[in-house]
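Shown next, in C-alpha cells, is the structure this report addresses.
The values are calculated or read from the model by the stated rules, or taken from the named source; none is laboratory data. Everything numeric here is computed off the predicted structure, so don't read it as measured data. FYI the Cβ positions are ideal-geometry reconstructions off the backbone, even for glycines, and counts take in every protein chain you see. All accessible areas refer to the heavy atoms of the entire protein, side chains included, with ligands and DNA or RNA removed. Shrake-Rupley method; radii C 1.70, N 1.55, O 1.52, S 1.80 Å.
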Amino acid sequence: MAADDENTKTTGLSASSAAGSAALFPVASSTLQAESAAPQIFPSFSSVTISSVFPATNGESQQRQAPQWLSNTSFSESLLPPPLPDLSSAAQALFPAADVAEKDFKKVGSHDEHEEAVRSSDVTLSTDEDAERELAERRRRKKKKRRRKREEEERRFEKRRRKEKADDADTRKIGALDSSSVQRKSAVSVWADLNESLPKEYYFDSRGDRDNLAFGSLYRMDVARYRREDIFSGLHGITGLPPRRRKNLLDAEGDGIVQDEAIKNAGRYWSPKFSSLERKRKMRHLSFSKDRGGSKSHQPGVSALEDFIPLDIEEAPKKASSETEIRDVGETWQEYVTRKTREYNEQTRERPHDESLWISFANFQDELIQTTDKKAVVQQAVEKKIAVLEKALHLHADSEDLLLLYLETCQRRDTTGALASKWEDAVSRHSFSFRIWREFLRFRCSQFSTFSVSSIRALYIRGLQTLSVCRNRLHTKGEMEDDHDAGYVEAEQALVSMFVDLCRFNWQAGHHEHAIGLLQAGIEYSLFAPPLQLTESNKVRLFEAFWNSGAPRIGEDGALGWVNWLEKEEEQVQRARELNLSGGHESEEQESGGWTGWSEPEKYESTADENFVDEEIADMEGDREGDADVTMEGEEDDAALLEKLGLSLDPGKEVEVNDTNIWKRWSEREAQRDREQWLPLRSKHANDTLEGLNGDDDSEELERIIHFEDIKECLFTLHSKQGRSSLGIQILDFCDGPLGEWGCSNSWSYRSAMESLEGLKGSLLAIIGSSMREDTGLKLTLADLVGDSPWYEKSHGGARFLRNAFNLVWTVFPHDRQLLRGLLQAEDLASEEAGVPAGNISASRALGKKLLKIHRQDLSLWGAYACIEAAAGNITAARKVFDTTLASLGALPKDVQQDAPILYLAYAELELARTSCDACAEQRALHILYCLGTGSEFSPSDEGIPAIQLLRAQRGFREQLHRVSANDRGNLSTRGAALITCAALFELLTTGWEAAASVFEEGLAMTLPGKRQESLECELLLLRYIKMLENLRSAAKPARLRSTISRGLMDYPFNTKLTGAYIRSASQSGMSHQLRRFFDDASKRNPSTMLWLFALSCELWRPGAGPRIHSLFERALDTRETRQSVLIWRCYLAYELDVASNPDAARRVYFRAIHACPWSKSLWTDGFLKLGSVLSAKEQSEFVDIMREKELRIRTDVYEILLDDTENEDMT
C-alpha cells in the first residue's frame, strides 16, 4: 500500500513539474503533447518502489511526503541532467563504492530517520546487564564506523563536484568561479540581458578595440585589470598615475565574478605563506630542463621557441623509477646536495685535470653557505670548500684562478697573520704574475692594522722589479723579435699598469709631489731616452745627472725631454772645447752644462708665467742670513700666542682641540693646499739636500723635493711600441687629459683606472646624465653626491702642465689621433686658464696651423683642424679644408692614401650633423661617400646621383670590405673600421637602416671572437652601430636596439656607454623591472664600480626606494671586486647624509670606509668636512693622529688655525 502511494505521488510530481516548467518557459503545443519525448525527472522510479529505496517503519511510510524542492514551481526539467536508464546504474556512477539504497538514504533522509532505521533493524537483546552494555558498545562502534564512512563519502562527493565544476574547460584555471557566481559559456556568441532581444547576432563597431587585439576577446574579464607603469611616472605617486587618475585598478568590477574564497584564503604562490614554505629544507622542488620528456625534433620555423619548457602536469610520473626521473618528481634540499656532491665526486675522479670543474665544485659550496645563518654549518661548508681547492691546487699548481679563489676563501677562516703568510708564499711561487701581485697589493692595502704608506710603496717597488726581471728574461731569450710578440707586449703593459697604480696610490695618499715626480721620471726615462748602447746601470747613472741638473722636466715650461737636453749639453761642451782650442776666453763665453762633470749643469729657469714654481722655490730657499739673525723675540711671541690659547711648546704635552669648527677650517685649508701644492720643488743648487734645511718649515718643504733616490728603484726601459704608447696615454689620463676612449674597456689598465676613481668627473658624469630622461625632475643626482671637477681645473697651473705634457708626448707619437685631439683640446684649456674667454678657440686653431706647416701629409691632422673650424662655426672654412685635402689625395704616398677612409668619414659625419639646418647637407654627404665607394677623384658637389652610379658605389664598397677582411686577418684596424662605417652610412642614405645594420654586423664578424673582446676598434664600431639605431628609433624596433646592446654587453661588460644606452632603451620602453633584473644579473657576472653607480642612478629618484638603494650599496661593498672602491664608499656616505638624512648611519659608514680604504686621504677628510656635527672634536683629533701614523701626507698643522684666530683677535 505504501508503494502504491509513493508511485501516485511520483506521478503527480511529474505532472506538476511539467506544468511549472511550461509556465516559466513557454514552448509549442506540439511539444506538450509529446509526453513520451519529454525528459522525466526520475524515470526509473516506475519500477522501483519507494519502500525499497527508503526503508522505514509502517507509521513513517504513511507520513512521509515528497521533498519540498521537488514541488517548487520554478523548477525546470530542462535544467536537470539527462534521464538515467536505471537508478542503480545512476547510483553506481555517482557513488561507485557504496550501496544504492544507503546512498539515496544519506542524500535525502535526515539523520534522525537513519538512526530510527538502525534501531528498528537491531535484534532485541536480553535484559542482562552485561548484554545491555555489550549491545550499547556495539551500537557505539557501529555508529562511529558509519559516521566515518559517511564523512569520507561526503568528502569524495564534494571533491568530485568541485572537479566537475573546474573541468568545464580543457585546462584547469587558478581561481575557478564559485557555483553562486555567473558562469561563462564558450558557446555564447552575444552577451545581453534576458529582457532584451537583439535583431542580429552581430553588430558593427566603428571604433577598434585595442583590448580585443591584445587579449583576443571582448569579454571584460579576459582583459587584464592593470595598467603598465612607466618607470618615470613614479614621481606622481606610488601607482604611477597622476593624482586625478589615481585609483585602485584591482578592485572587483561589480559583475558578480569573484575568486573562490578558498583560493583567497589560501593565498597565491607569491604570498608569504608559500614563500616561507619554499625556504624549508624538506620542501620538494621540481627541476625542469629542455630535454624533459625526451628529445624532440624542432621544426625549422620554431627555432625561437627552443628554450621554451612546457609544464606537462599530466605527464609527470608518480614515482621516480630512475635517477634521471628524480627531477620530475622533485627532491628535497638534502637530496639535492647529496646528488650534486656525488656527481662532482664522480666527475673529478674521471676528469681530474679539468680546472673549470674544480672551480665549479668549490663554488657549489657557496650555495650551502647562502641557505643558512648557522655559523657551524657555514664554517663546515667553508672547510669543505678549502679542502676541495687544496686538492685542486695539488693537481693544478700553476693555476692563478684556483689560487686566488683559495686565498679568498681562506679569509673566512684564517687569521690575519696566517693569511698574510699564505699570500707571501703565493707571491713567491708566482712572482712573475701581474694578477697575483695586484691582488696581493689589494689585500695588503685592506689590512688596516698593518697598513702604512711606506710599506705599501716598498711592495710596489718590489713588484715592479720582479716584473721587470720577467720582461728582461723574455727579451734575452730572443722572444722579442718584433713589436708584435704577444707575450712580451703583455709583460710590458703589465709593468706599465703597476707603475701607474703606484703613482695613483701616492696621489690618493696625499703625496702629490711623489706621484708627479714618478710620472715625470717614467716618461723621461722610457720615452725620451738617448739612443745609445748603454747598460742599464750606465743609463741610470746618466739619468741621475739629468735629474739633479735642475733642467725642466715633462709638463714644466721649457721642457725638451731628456734626449734633447743631452744633445744640447753636448753641443755646449763641444763649443767650449772649440773656444779653448782657439784661445778664447773661457771665463767669458763658456756656458755651463754637461752631464760628464766637465762643467756645471745649466740651470733652466722657468718663464715669468711659472709663478706656481718660483714662489715655492723662493719660500724654500729664503734668506738664510735672515734666518740666522732671528732672535728670541719671535719665539717669545709664539710662546705668548700659544699661552693665550692655553697651549704649550712642550712637546711632551698633548694638545686637545675641543672646537669642531677649528677642525672643519683645518680640513678646508688642507684641501686648498692639496690643490695648490702638487708640483715637486727643486733647489737651484743640485747638491742642496738635507744640509742647510733646518727647522720645521724647511723639513716641510723638504718633503716636496723628490730626490733621485726616491725614484731610482722605479725606473725601467720599454722596448715595444705598444708599451711605450700605453705609458704615455695612461699618464695623460692620470692627469684627467681629454683622451676619450684610449683603451679597450676589458683591459686591465682601463678597469684599474675605473675602479680607483674617487669622484665622478668629465665624460663619466655626461654618460650617467645622458642615460636618464630629462622629464624625471630629479632634485638630487650622483653628480650632487660624488661629482667632481677634473684635476686640471681645480689645481693651480694644472691645465698648463697638461698642455706641456701633451706637446712633448705627441712628438714621440705624431700619428696618434687620440693624442692629437687631446693636444688641441689641452691648448684650449690652457688658454682658458690663462684668462682667455671661454668659447674662443683661436689657440687651438693657431696650434693646428703651426702643426700643419710641419706635418703637411698627415691626413688625421688635416681632419682635426677642419673639425676645429667647424666647431668654431666656420663651416665654409671647414669644407674648404676637407675639399682641398681630399682633392689632393692622388699626390700623396700610397701608405698615406690608405688613411683616406678616416678623412672621408669625418667629412660625411660633419655634413650629416647639419641635416636639420641645411637641406643640401644629406646630398653632399652622399656625394662624399659615393666618391669613396667608386674610388673616383673627389670634387665637391650637392647634386643628385643617378641610380646606376649608386649601384656602382655599392659594388665598390663591397669589394673594399672584402679586401679589408683579407688584409686585417681577424684583427680589425682603424682604417677598416672607418671604411665599414662609411659603407654603412652609404647604405643608410640609399637603401635603409636594415641594410646599414647588416653592414655593421658583417664588419663586427670580421674579427675573431677571441680578439674581438680585446679590440678597441671593434668596440668603437659597435658604439657607432648602436648610436645609429638610437637615432633611428622611430624606424627601428626597440627590441632590435636592446638585443644589439645586450650582445655588445656580453663582449664588453665594462663599457659605460653601452650600459648607458641599455638604460635609455629600457627607460623609454617603461620596463623598470627589466632594468633591475639586468643589474642583478650583471652584478653577479661582471661586477664593477660603474655598474653599481648606474644601478644607483636608476633608483635615486624612485619614491620609497630606500631599501633597494641600501641593498645595492651593501651588495657592492660585499663584492670582492668593489669592496675597496673609494667612490662607492664616498657615495654611500653622501647618500646617508644628503638623501636619507641619517647622521648615525653616516657615522657607521664612515668608520667602515676608512677601515676598508685606509690609503684614501679624500675619504678621511670627508669625515671632517661632512661629519663635523656628528664626530666629536676628540674623535677628529684622534683621526688626525691616525692619519699621521699611517703616513698620509698632512700639509697643515692645527696650530696654524689656532694662531690665526689669536692674531685676528689681537688685531680687532
For the modelled label position 7 Å from the Cα of Lys391 along Cα-to-Cβ, which residues of the stretch 327-359 have backbone nitrogen atoms closer than 13 Å?
341-353, 358-359
Label-point separation, Ile948 to Lys721 (7 Å along Cα→Cβ), nm:
4.5
Quick one: which residues, 5 or more positions from Leu681 or on another chain, have an amide H under 5 Å from its amide H? H modelled 1.01 Å from N in the peptide plane, none for Pro or chain starts.
Ile705, Ile706
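Once you've got the Cα coordinates, tell me which of Lys340/Lys391; Lys539/Lys721; Lys721/Lys1011 are over 24 Å apart. Write out the running numbers ahead of the final one.
Details: Lys340/Lys391 18 Å; Lys539/Lys721 20 Å; Lys721/Lys1011 19 Å.
Checking Cα-Cα distances, every pair stays at or under 24 Å.
So if R0 is 30 Å, what FRET efficiency would Asp373 and Arg161 give, r being the distance between their Cβ atoms, rounded to the nearest 0.05?
Working: r = 46 Å, r/R0 = 1.54.
Rounded to the nearest 0.05, the efficiency is 0.05.
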Here, Asn580 and Glu709, labelled 7 Å along Cα→Cβ, have an inter-label distance in nm of 3.3
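Between Ala1140 and Phe448, what's the calculated FRET efficiency when r is the beta-carbon distance and R0 is 30 Å? Round to 0.05.
On the way: r = 26 Å, r/R0 = 0.86.
E(calc), rounded to 0.05, equals 0.70.
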If I model a spin label as a point 7 Å beyond the Cα along the Cα-Cβ vector, how far apart are those points for Leu780 and Phe215 in nm?
4.1
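For a protection proxy built on the mean count of beta-carbon atoms within 10 angstrom, sort 1157-1166, 966-975 highest first, please. Can you show the working numbers first?
Details: 1157-1166: 22.6, 966-975: 14.9.
Sorting 1157-1166, 966-975 by mean packing, highest first, produces 1157-1166, 966-975.
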Give me a comma-separated list of calculated 3J(HN,Hα) values for the stretch 1073-1086, in order, Karplus coefficients 6.51, -1.76, 1.60 applied at θ = phi - 60°, integers in Hz, x for any Gly or Pro.
5, 5, 4, 5, 5, 4, 5, 5, 6, 5, 5, 7, 7, 9
Which shape class, rounded, prolate or oblate, goes with the stretch 1002-1139 when its Cα gyration tensor gives a ≥ b ≥ c as root eigenvalues, a/c under 1.5 marks rounded, and past that a/b bigger than b/c marks prolate?
oblate
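Using the per-residue mean of other Cβ atoms lying within 10 Å as a proxy for protection, in what order, highest first, do the peptides 1172-1180, 976-984 fall? Before the final figure, lay out the partial values.
Numbers: 1172-1180: 15.4, 976-984: 25.7.
Highest to lowest by the protection proxy: 976-984, 1172-1180.
Measure up Lys568/Lys712; Lys144/Lys280; Lys144/Lys282 against 26 Å on the Cα-Cα distance and list the ones that go over. Don't jump to the answer; show the numbers that get you there.
Details: Lys568/Lys712 24 Å; Lys144/Lys280 38 Å; Lys144/Lys282 36 Å.
Violating the 26 Å Cα-Cα cut-off are Lys144/Lys280; Lys144/Lys282.
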What accessible area per residue, rounded to a whole number of Å², is obtained for the stretch 802-944 using a probe radius of 1.4 Å?
46
With 0.36 nm assigned to each residue of separation and the Cα-Cα distance removed, Arg342 to Arg462 gains 38.7 nm
Calculated FRET value between Asn538 and Arg429, using beta carbons and R₀ = 35 Å, to 0.05
0.55
Report the extension gain between Ile1186 and Ala486 in nm, rounded to one decimal, defined as 0.36 nm multiplied by the number of residues separating them, less their alpha carbon distance.
247.5 nm
Please sort 393-400, 865-872, 541-548 by packing, taking for each peptide the average over its residues of neighbouring beta carbons within 10 angstrom, highest first.
865-872, 541-548, 393-400
Do the alpha carbons of any pairs in Lys384/Lys422; Lys273/Lys374; Lys880/Lys1057; Lys849/Lys894 sit beyond 27 Å of each other, and which pairs?
Lys880/Lys1057
